[in-house]
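Step one of this worksheet: look at the structure below.
The values are calculated or read from the model by the stated rules, or taken from the named source; none is laboratory data. As the structure is a computational prediction, the values presented were derived from the model and not from experiment. These accessible areas exclude ligands, DNA and RNA; they are computed on the full protein's heavy atoms, side chains included. Shrake-Rupley method; radii C 1.70, N 1.55, O 1.52, S 1.80 Å.
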Amino acid sequence: MPFLRKPVLPALVAAVATALFLLACHGSTGSQRPGQVSSNAPNFSVKDLDGKPLELSSYNGKVVLLNFWATWCTPCRGEIPNFEQFQTQYGPQGLQIIGLSMDDSDKPVREFYQQFKMNYPVGLSTEKIAQSYGGILGLPVSFVIGRNGQIAAKYVGAAQIPVVEQEIRAQLAAK
(Lines give C-alpha, C1' and ligand atoms only; values in the text may rest on other atoms or scores of the structure.)
Protein backbone atom coordinates (compact mmCIF):
# COMPACT_ATOMS: atom_id res chain seq x y z
CA MET A 1 0.00 0.00 0.00
CA PRO A 2 2.45 2.69 -1.13
CA PHE A 3 -0.36 5.25 -1.52
CA LEU A 4 -0.68 5.48 2.33
CA ARG A 5 2.93 6.60 2.83
CA LYS A 6 2.53 9.93 1.06
CA PRO A 7 -0.23 11.36 3.35
CA VAL A 8 1.50 10.03 6.47
CA LEU A 9 4.88 11.64 5.76
CA PRO A 10 3.65 15.28 5.74
CA ALA A 11 1.62 14.65 8.92
CA LEU A 12 4.66 13.10 10.60
CA VAL A 13 6.89 16.02 9.56
CA ALA A 14 4.31 18.50 10.86
CA ALA A 15 4.02 16.65 14.19
CA VAL A 16 7.79 16.58 14.67
CA ALA A 17 8.10 20.26 13.75
CA THR A 18 5.34 21.18 16.21
CA ALA A 19 6.96 19.15 18.97
CA LEU A 20 10.35 20.80 18.37
CA PHE A 21 8.74 24.27 18.36
CA LEU A 22 6.94 23.60 21.65
CA LEU A 23 10.11 22.20 23.19
CA ALA A 24 12.06 25.28 22.14
CA CYS A 25 9.39 27.62 23.53
CA HIS A 26 8.86 25.88 26.83
CA GLY A 27 12.08 23.98 27.43
CA SER A 28 12.34 20.30 28.14
CA THR A 29 11.87 20.78 31.88
CA GLY A 30 8.86 23.04 31.57
CA SER A 31 10.88 25.98 32.91
CA GLN A 32 10.22 29.47 31.64
CA ARG A 33 12.52 31.61 29.59
CA PRO A 34 14.17 34.60 31.27
CA GLY A 35 12.10 37.76 31.47
CA GLN A 36 8.72 36.08 31.11
CA VAL A 37 5.75 36.99 33.25
CA SER A 38 5.51 34.71 36.32
CA SER A 39 9.23 33.90 36.21
CA ASN A 40 11.61 35.00 38.95
CA ALA A 41 13.20 38.37 38.25
CA PRO A 42 16.95 37.86 37.84
CA ASN A 43 19.09 39.70 40.35
CA PHE A 44 21.66 42.18 39.08
CA SER A 45 24.36 44.30 40.61
CA VAL A 46 25.64 47.55 39.08
CA LYS A 47 26.75 50.91 40.43
CA ASP A 48 24.27 53.75 40.41
CA LEU A 49 25.26 57.18 39.09
CA ASP A 50 26.72 58.06 42.51
CA GLY A 51 28.90 54.94 42.54
CA LYS A 52 26.75 53.16 45.14
CA PRO A 53 25.69 49.53 44.70
CA LEU A 54 22.38 49.07 42.90
CA GLU A 55 21.07 45.55 43.34
CA LEU A 56 17.59 44.24 42.73
CA SER A 57 17.89 42.00 45.80
CA SER A 58 18.15 45.12 47.99
CA TYR A 59 14.47 45.73 47.27
CA ASN A 60 13.10 42.33 48.33
CA GLY A 61 9.55 42.74 49.64
CA LYS A 62 8.93 45.86 47.55
CA VAL A 63 7.13 46.22 44.25
CA VAL A 64 9.72 47.20 41.65
CA LEU A 65 9.23 48.89 38.31
CA LEU A 66 12.40 48.04 36.40
CA ASN A 67 12.81 50.24 33.34
CA PHE A 68 15.37 49.63 30.58
CA TRP A 69 15.79 52.94 28.73
CA ALA A 70 18.28 55.26 27.02
CA THR A 71 18.75 59.01 26.81
CA TRP A 72 18.36 58.99 23.01
CA CYS A 73 15.07 57.05 23.12
CA THR A 74 12.12 59.39 22.56
CA PRO A 75 9.43 57.09 24.07
CA CYS A 76 11.71 56.54 27.08
CA ARG A 77 11.95 60.26 27.63
CA GLY A 78 8.17 60.46 27.57
CA GLU A 79 7.71 57.79 30.24
CA ILE A 80 10.21 59.09 32.78
CA PRO A 81 8.12 62.00 34.17
CA ASN A 82 5.30 59.51 34.82
CA PHE A 83 7.70 57.14 36.57
CA GLU A 84 8.96 60.01 38.72
CA GLN A 85 5.36 60.72 39.70
CA PHE A 86 4.77 57.04 40.51
CA GLN A 87 7.87 57.01 42.73
CA THR A 88 6.59 60.05 44.63
CA GLN A 89 3.02 58.81 44.90
CA TYR A 90 3.52 55.08 45.53
CA GLY A 91 7.01 54.97 47.05
CA PRO A 92 5.66 55.29 50.61
CA GLN A 93 3.42 52.27 49.90
CA GLY A 94 6.35 50.10 48.85
CA LEU A 95 7.11 50.92 45.20
CA GLN A 96 10.69 51.28 44.03
CA ILE A 97 11.47 52.33 40.49
CA ILE A 98 14.89 51.42 39.08
CA GLY A 99 16.21 52.71 35.77
CA LEU A 100 18.82 50.75 33.83
CA SER A 101 20.18 52.82 30.98
CA MET A 102 21.35 51.13 27.80
CA ASP A 103 23.54 54.13 26.91
CA ASP A 104 27.20 53.38 26.12
CA SER A 105 28.59 55.72 28.77
CA ASP A 106 27.39 57.38 31.93
CA LYS A 107 28.03 61.00 30.83
CA PRO A 108 24.77 61.53 28.90
CA VAL A 109 22.89 59.58 31.57
CA ARG A 110 24.22 61.83 34.36
CA GLU A 111 23.25 64.96 32.39
CA PHE A 112 19.79 63.56 31.68
CA TYR A 113 19.33 62.47 35.32
CA GLN A 114 20.12 65.96 36.58
CA GLN A 115 18.11 67.75 33.90
CA PHE A 116 14.99 65.69 34.57
CA LYS A 117 15.56 65.63 38.36
CA MET A 118 14.97 61.89 38.45
CA ASN A 119 13.95 60.69 41.91
CA TYR A 120 14.86 57.02 41.65
CA PRO A 121 18.14 55.12 41.26
CA VAL A 122 19.66 54.75 37.81
CA GLY A 123 22.59 52.65 36.66
CA LEU A 124 24.06 51.48 33.37
CA SER A 125 22.86 48.09 32.22
CA THR A 126 25.16 45.45 30.83
CA GLU A 127 24.58 42.99 28.01
CA LYS A 128 24.53 40.21 30.63
CA ILE A 129 21.71 41.90 32.55
CA ALA A 130 19.76 42.55 29.35
CA GLN A 131 20.11 38.88 28.36
CA SER A 132 19.03 37.72 31.82
CA TYR A 133 15.74 39.55 31.19
CA GLY A 134 15.17 37.77 27.89
CA GLY A 135 17.15 40.18 25.74
CA ILE A 136 16.35 43.85 25.35
CA LEU A 137 15.96 44.29 21.60
CA GLY A 138 14.19 47.65 21.60
CA LEU A 139 13.51 50.41 24.07
CA PRO A 140 11.86 51.06 26.37
CA VAL A 141 11.17 47.78 28.14
CA SER A 142 9.69 47.79 31.63
CA PHE A 143 8.97 45.05 34.14
CA VAL A 144 6.71 45.21 37.17
CA ILE A 145 8.13 42.85 39.77
CA GLY A 146 5.90 41.80 42.66
CA ARG A 147 6.87 41.66 46.32
CA ASN A 148 7.47 37.94 45.82
CA GLY A 149 10.26 38.62 43.31
CA GLN A 150 8.31 37.37 40.31
CA ILE A 151 7.74 39.33 37.13
CA ALA A 152 4.08 40.39 37.20
CA ALA A 153 4.03 42.32 33.92
CA LYS A 154 6.29 43.17 31.00
CA TYR A 155 5.82 46.19 28.73
CA VAL A 156 7.74 46.35 25.45
CA GLY A 157 7.76 49.75 23.80
CA ALA A 158 6.07 52.84 25.13
CA ALA A 159 3.86 51.56 27.90
CA GLN A 160 0.32 52.78 28.38
CA ILE A 161 0.80 54.65 31.64
CA PRO A 162 -2.71 53.94 33.04
CA VAL A 163 -2.12 50.20 32.47
CA VAL A 164 1.25 50.32 34.24
CA GLU A 165 -0.27 52.26 37.13
CA GLN A 166 -3.10 49.74 37.45
CA GLU A 167 -0.56 46.89 37.65
CA ILE A 168 1.51 48.76 40.25
CA ARG A 169 -1.61 49.32 42.38
CA ALA A 170 -2.58 45.66 42.09
CA GLN A 171 0.90 44.53 43.15
CA LEU A 172 1.00 46.99 46.05
CA ALA A 173 -2.39 45.68 47.24
CA ALA A 174 -1.20 42.04 47.05
CA LYS A 175 0.76 42.09 50.29
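Write down the percent of antiparallel bridges among all DSSP beta bridges whose residues are both part of the stretch 46-175, to the nearest 5. That works out to approximately 55 percent antiparallel.
Put simply, the stretch 20-175 fits an ellipsoid with semi-axes of 24, 19, 15 Å; these come from the alpha carbon gyration tensor as the roots of five times its eigenvalues, largest first. In this structure the amide hydrogen of Gln150, modeled in the peptide plane, comes within under 5 Å of the amide hydrogens of Ala41, none closer than 5 places in sequence on its chain.
Accessible surface of the stretch 32-123, 1.4 Å probe: 47 percent of it comes from carbon and sulfur atoms.
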